[in-house]
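Asks: Structure provided below as structure tokens; questions to follow.
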Amino acid sequence: MIGGPFSCGLYIHIPFCLRKCSYCDFVSYPVAPFDTARYCAAVVKEIEMALEGDGWPEEVASCLAGASGSGALTPRTAYIGGGTPTVLPISELEAVVTAAIDLCGRGAAGSGGIFEFTVEANPCTLSSYKACKLRDAGVNRISLGLQSTSDQYLTILGRAHSYSEFLAAYRSAVSAGFSNISVDLIYGLPGQTREDWRRDLQRTADLAPQHISCYALTLADGTALARSVHSGQLPQISDDLAADMYFDAASILSEAGYSHYEISNYAKPGMECRHNQNYWENGYYFGIGAAAHSHLPGMRCENVPDVAQYIECVEQGRRPLANVEWLTPEREVSDAFILGLRTSRGVDTSALAKTYGAGLVGEYAERLEKLRETGLVEFDGQRVRLTEGGMILSNRVMMELL
Ligand code: SF4
């Protein structure tokens, strides 16, 4: 029953933040009223249950049992995201990291355990002490949310930190010994000019982190920022300006030695995020915590987003599932194209045909050829990938392929 990629990740969701940013539609809640120690205990218990196959639908449990000996479903990368994981007291976060490493190592069957362990952090919540504790616990990658180097735009975004506080957090991570640091930026902010954005890129590149993510601002329905823009209180930038900013990122960061390996992601040679690459390769992963998603053989599923409900389910020994979607081979192939085309490596159509059948993959040939004629994709031997122009029009490409 197990087909497709033989790699696996572990994602742990910490849905707490200092406060809600104005653009945020992630599952995250201001931390103050929550019993975070109880949440973390539930997370540790869920990791154990998930890896041992407890409480999964029968089809998945038997797959997990069958795969455990081969190590095919043993996580090799871990990522604690949110929310803001570093909003937790360090003892709680440390306990989650240690449990994840112990449990994945225990099930590794000689496959070597986790080799990339990322924790997302926000300035104001990452002291030198916390950074050292995380390093000592086995975390080897930090992803820091900066978003803008201008305090004016940080205020518009409702971020809880200034640029100088980001710099202090960055220095803490470096002096704790982290040599794999990622910095997140957002472009297309209300009123932002190209000069503002180019300064964000240059200042960030000058720090020389190993990895930089550049996301276009999304005005998600129901957020405070979307309301301010739609009511005319704040200006919205044009699509043309957003496109120029996208290409500014590509040129400034490539000049600074970063490779553009995914639509929104840039890395120094060899420093690509392995955990996220597994997502884009349509690999398997366990999602732990409220609202976390999993992809396992033949299924995708989602945990309940409500923290109290999540804790109650896990404490009673039940899987906290809100949704299970069974995947057909057609759906797996479609996901492999949609995800793989986000990356500069693209999709290995021969490997896909070997796993799911040449017939299913061949169904995309005509649509891909049309996209090639319009210059949005290119073929290189057995691989198909987006061109640089196709990357910025990726939504259009994905619509045509669906
Ligand atoms: S820090 Fe991130 S997850 Fe938390 S509110 Fe801000 S954008 Fe959302």
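Just so it is clear, none of the values below were taken in a lab; they were calculated from the coordinates. None of the values given here were measured: they were computed from a predicted structure. Cβ: placed from backbone, ideal geometry, glycine included. Neighbour counts: every protein chain shown.
Asks: Dividing the alpha-carbon Rg of the stretch 8-280 by 2.2 N^0.38 Å yields what?
Replies: 1.05
Asks: Return the percentage of antiparallel bridges among DSSP beta bridges fully within the chain, rounded to the nearest 5 %.
Replies: About 40 percent, rounded to the nearest 5.
Asks: With springs connecting C-alpha atoms under 10 Å apart, model the chain as a Gaussian network and identify which of Pro75, Pro235, Pro123 has the largest mean-square fluctuation.
Replies: Among Pro75, Pro235, Pro123, the largest mean-square fluctuation in the Gaussian network model of the chain belongs to Pro235.
Asks: Report the number of Lys pairs in the chain whose alpha-carbons are under 29 Å apart, with separation of 8 or more residues or on distinct chains.
Replies: Taking the chain as the scope, the lysine pair count is 8.
Asks: Separation of the stretch 179-221 and the stretch 323-402 by C-alpha centroid, Å?
Replies: The stretch 179-221 and the stretch 323-402 have Cα centres separated by 28 Å.
Asks: Related question: Please report the base-10 log of the normalised intensity I(q)/I(0) for the stretch 212-355, using a Debye sum with one equal scatterer per alpha carbon and no solvent, at each q in 0.15, 0.16, 0.20 (1/Å).
Replies: The Cα Debye sum returns log10 ratios of -1.05, -1.10, -1.16.
Asks: Which of Ser175, Ser162, Ser231 moves most in a GNM of the chain, Cα contacts under 10 Å?
Replies: Greatest mean-square fluctuation among the candidates belongs to Ser231.
Asks: The stretch 292-345: which trypsin sites (Lys or Arg not before Pro) are DSSP loop and have at most 11 other beta-carbon atoms within 10 angstrom?
Replies: Passing both the DSSP loop test and the Cβ count: no residue.
Asks: For n ≥ 4 DSSP H runs only, could you compute -39500 (n - 2.57) per run for the chain, divide by its residues and tell me the 222 nm figure to the nearest 500?
Replies: Theoretical 222 nm ellipticity from helices: -13000 deg cm²/dmol.
Asks: Dipole size in debye (nearest 20) for the chain around its Cα centre, Lys and Arg Cβ +1, Asp and Glu Cβ -1?
Replies: 700
Asks: Once Lys and Arg get +1 and Asp and Glu get -1 on their Cβ, which of Ala351, Ala308, Leu341 lies farthest toward the positive end of the dipole of the stretch 281-389?
Replies: So the residue we want is Ala351.
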